[in-house]
Each structure stands twice: as C-alpha cells, then as structure tokens.
Amino acid sequence: MALVLVVVSYAALFSDMGLSAAFVHRQSITREERSSLYWLSVLIGASLMLLVMAASSLIAEFFNEPELETLLMLVATNFLVVALGQQLRTDAEKALNFLPVALIEIVSAVIALFVGVIAAWLGWGVYALVAAALVSAWSTMLLCWTFLARGWRPLWRLRWVEVRWFLHFGGGMVMNSIINQVNATVDVLLGGRLLGAGQLGIYSVPRNLILQMQSMVNPIFTRVGFPVIASIQHDMVRVRQVYLKIINLSATINAPIYVAVSVFAPELVRLLLGSGFHDSAPLLRALAIWGLLRSFGNPVGSLLFGLGRVRLALSWNLGLLCAVPLALWWGTQFGAIGMAWTMAAVMAILFIPGWVLLVRPVCGIGLWAYSSQIVRPTFCAMLAGSSAYLAVIPIESPLVRVFLGFSMGLCAYIALSWFLNRQCIETVLYVLKQRDVTFVVESNRSS
C-alpha cells in the first residue's frame, strides 16, 4: 500500500490541473463556465484513472511486486470519484462555508475507518486499506452531492473558450505543486545519496514527525486564508489586515507547539520513537526549529494565490530549487545533524528575502508590521518553554516531565500572550464563540 500511495501522490499533482484553485480565485463565474469546468475536471479525473490503470503493469514490474497491478487499478478509480464531487466542496470553501465540509470529511473518515477495520478483521490484508480508501472517496462524493449541491446541476456542455482562463491559471498551480513536491523531498533524496541508509533512517523519522504536525495545523490557515483573500482581492487595505491577522494566528498556534517539541526533544524521542532512536533527539530539536521557521512562511501561498500571483510564486519556488540543494549538499558534509541545522538556517535566511520579494511588492506590508506578528507569539512561547523546562529539571520520569512541562508551559504561554499578544487571544475566543471563519472578513469590514 505504501508503494501505491507513492505512485498516487505524484499522479494526484495533476488531479484537477489546478482548476479548484482557479475556481476559488475567480469571483464571477457564469453557470455555463461552471458547468464546463465541472465536466473538464471529471474528464481529467477519468484520464488520470485510465493512465494509472494502463501503467499499473509496468509499475508493478518496476517494483517487482505483481500484486501492485491490481491494487493500483482499484485505487486509480478514486481519481474519477473524487472529481465528481470536488467542485461542490471547493464551492463551499469559496463561500467560507467550512462547517459542512468539515463534517463531511469527518463522517467519511469514520466510515472508512470502520470498513477498513472490519475488512482487516476478516483477513483481507492489504485490500482492507484499499477498501477504506475507496469507501472514503465514494462517501465523500455522495455526501457532497447530498449536502453541498443546493439544487445545482451541471449543464451538459464543455466549451474551450469557457475553461481556457482556468486552465491557464491552473497550469501555474500544477507547476508550483510539482516544484514544491521536489523541494519538500530534496533533503531525503540528497540524504539517501550522501548520508547512507543508517543516518537517513535516524533523520527521516523525526523529520516525518514534524511534517505530520505541520499537516495537521498549517492547512487550517491555507484552506481558509486562500478563499478569504480571494474574496477581497480588489481591496488591498483589507487584504493587508486579513493577511497580518492570518500570520499572527498561525504563529500563535505554531510557536508553542514547536518550542515545546524543541525543549522536550529527548523526552519525546524516548516516549514516541523508543530507545533505538535516542540519537534522533538532537535532530528533532533542530527540525522543530526548522518546522517553526517554515510555518512562518506557509501563509504566503494563500496571499499569492488569492491575489492571482501564480507566476511570482513559481519564480520563487524555482529559485529555491536552485539554491536549497546546494546548501543541503554542504550540510551533509557534517552528517544528518548538519543537514537538519542547514534546513533551519535556510528557513531563517529566507525570512527577509521572502518579505522583500513576495509580501511587500504584492500587498505593501512593512517589515515591522510583518515581523511583529511573528515575534510576539514566538517570544511568549520561548519564555513559557524556558520556564517549563526549569520547573521540571528535578523530575526524572520522561512521561511526567512531558506532562507537567507541557501543562505548565501552556498556562504560562496563555498568560504571557494575554499581556503581549492579547489581540490574537481575543480573536481566537471570538472565533470559538461564533464558530464561523467569516470573522476575518466581517471584522475587517466593520473596521
């Protein structure tokens, strides 16, 4: 199944050719354009399905796994199934109607988990995972049509003139996705070549832990930030206000997480990874700093894509593709720990150039206004983390150290944030009370 997911992950980069992002960015879409766009997405999904099916035997032969052919042919059908409901989910997100989307995703995940567990209990083996994947796609599609369509049905039409602009915009998004995929894995590719399997294994486990943390937190801001900024793209004053608020919210959530991981890295390695990975503790500390710095730049994608600056994003990512591998190659001369600290250093060095080349020319935010949204929560997190570490020094049990340290650090962070970053705390409390992400637009409209 891991081999299946590798193949599918690269094919998924072309799953809708960036049409969903183009649909969110363009605010005025006729019924005819939307219908043509829907059937184009379905056509792309069907084409990817057939392409993966046709290549399944060659892929199975390449990996020397005959069973892979059947697995790929089954999972490939998800490309078509997902395409049948993708536009409905994208339309809900564009309208900032996230609650039904979240409920649909949760219900589909629960159903898929139930089916997967039952199938595994019945002895289906790897096909239990395939069944879960298929059920997840089908249930999501059916629930989208049940609760998100709101009476809309696509016309039977597909006109090139009606989808040409969307394909042009989406093509840049696909190129960005491909380059980002390479940038996201270049350290593993270089590490596998230059460090050897042993050091790469010690490095990759804490790295994947940090990436899993980011996959749980960062999409909250990208999925919300993109449609919000796209909806106000012609009002630059409000764009600046919204983007600064998104940066501050992102840093407020991310800073305490990564500071806590860095401070208590040895304890977390013992608890989560086991004694066999004790050499990974320094790596986890360095990679936590990398993850924190990386999270600071994450919201810029919502800004660039929301304002339609796809080419600028593409140019930036191409520049990273040229520069970052050279830096990582130098870092590998000092082993896995050298590569980890090099990644953190690269993120730190790119902070100012990112503002100069991306943020300032696009929306005109000053350096202090930009950096202060990040400095305040980070300073609070560092103070809270330091106090928590000092408080648990006499304790020997790693489990108790982590539990008490996290609890004390969280209390200290909230208290410090109330005095030094109160506006963000009040915003979070307002969101929890209202349960509505449209606060970002509405609060700025009233101001």
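The values are calculated or read from the model by the stated rules, or taken from the named source; none is laboratory data. In this text the structure is predicted, and so the values were computed from the model without any measurement. Backbone-built Cβ (ideal geometry, glycine too); neighbour counts: all protein chains shown. Ligands, DNA and RNA are stripped out before the accessible areas are found, and what is left, the full protein with its side chains, is counted by its heavy atoms. Shrake-Rupley method; radii C 1.70, N 1.55, O 1.52, S 1.80 Å.
Tallying residues that are over 23 Å from I393 (Cβ atoms) and part of a helix (DSSP H, G or I) within the range 213-270 yields 38.
Rundown of residues vs (1) outside any helix (DSSP H, G or I); (2) open to solvent by 50 Å² or more (accessible area, probe 1.4 Å); (3) touching a residue at least 12 places away in the same chain (Cβ under 8 Å), yes/no style:
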{"position": "L272", "(1), (2), (3)": "no, yes, yes"}
{"position": "G276", "(1), (2), (3)": "no, yes, no"}
{"position": "L304", "(1), (2), (3)": "no, no, yes"}
{"position": "L321", "(1), (2), (3)": "no, yes, yes"}
{"position": "W329", "(1), (2), (3)": "no, yes, yes"}
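Number of residues in the range 347-368 that are open to solvent by 20 Å² or more (accessible area, probe 1.4 Å) and either polar (S, T, N, Q) or assigned to a helix (DSSP H, G or I) (or both): the value is 13.
Residue under question is N254, and the condition is that it be crowded, with 23+ Cβ neighbours inside 10 Å and either under 15 Å from the mean Cα position of the chain (by Cα) or without any contact (Cβ under 8 Å) to a residue 60 or more places away in the chain (or both); does it hold? Criteria met by N254. Please work out if P398 is at pLDDT below 95 and under 22 Å from F296 (Cβ atoms). Here the answer is no, as P398 does not meet what is asked.
Counting only residues that are part of a helix (DSSP H, G or I), closer than 17 Å to R150 by Cβ and open to solvent by 20 Å² or more (accessible area, probe 1.4 Å), the range 68-101 holds 9 of them. One residue stands out in the range 174-187 among those that are farther than 13 Å from L314 by Cβ and not hydrophobic (A, V, I, L, M, F, W, C): the one that is least open to solvent (accessible area, probe 1.4 Å), namely D187.
Among the residues of the range 375-426, the one identified as charged (D, E, K, R), under 25 Å from R294 (Cα atoms) and surrounded by 15 or more Cβ atoms within 10 Å (Cβ to Cβ) is R376. Condition first: over 17 Å from F296 (Cβ atoms) and touching a helix residue (DSSP H, G or I) at 6+ places or on another chain (Cβ under 8 Å). Can you find one or more residues in the range 342-351 that meet it? Yes, the range 342-351 contains at least one residue that is over 17 Å from F296 (Cβ atoms) and touching a helix residue (DSSP H, G or I) at 6+ places or on another chain (Cβ under 8 Å). Only one of the numbered conditions (1) among the acidic types (D, E); (2) farther than 24 Å from A132 by Cβ; (3) part of a loop (DSSP other than H, G, I, E, B) is violated by E33, and that is (3).
Just to verify a result, which residue in the range 184-233, among those that are small (G, A, S) and more than 22 Å from the chain's Cα centre (by Cα), is nearest to F277 (Cα to Cα)? So, considering only residues that are small (G, A, S) and more than 22 Å from the chain's Cα centre (by Cα), the one nearest to F277 (Cα to Cα) is G201.
Only one of the listed residues (E65, E61) is farther than 30 Å from S231 by Cβ, part of a helix (DSSP H, G or I) and not hydrophobic (A, V, I, L, M, F, W, C). That residue is E61. Restricting attention to the range 21-42, the residues being among the aliphatic types (A, V, I, L, M) and surrounded by fewer than 15 Cβ atoms within 10 Å (Cβ to Cβ) number 0. On the basis of being over 26 Å from S280 (Cα atoms), out of contact with any helix residue (DSSP H, G or I) (no Cβ under 6 Å at 6 or more places or on another chain) and not in a helix (DSSP H, G or I), does W156 make the cut? Yes. Just checking, does the range 166-173 include any residue being aromatic (F, W, Y) and open to solvent by 30 Å² or more (accessible area, probe 1.4 Å)? The answer is no; no qualifying residue exists. Among the residues of the range 107-130, is any open to solvent by less than 70 Å² (accessible area, probe 1.4 Å) and touching a Pro at 6+ places or on another chain (Cβ under 8 Å)? Among the residues of the range 107-130, not one is open to solvent by less than 70 Å² (accessible area, probe 1.4 Å) and touching a Pro at 6+ places or on another chain (Cβ under 8 Å), which makes the answer no.
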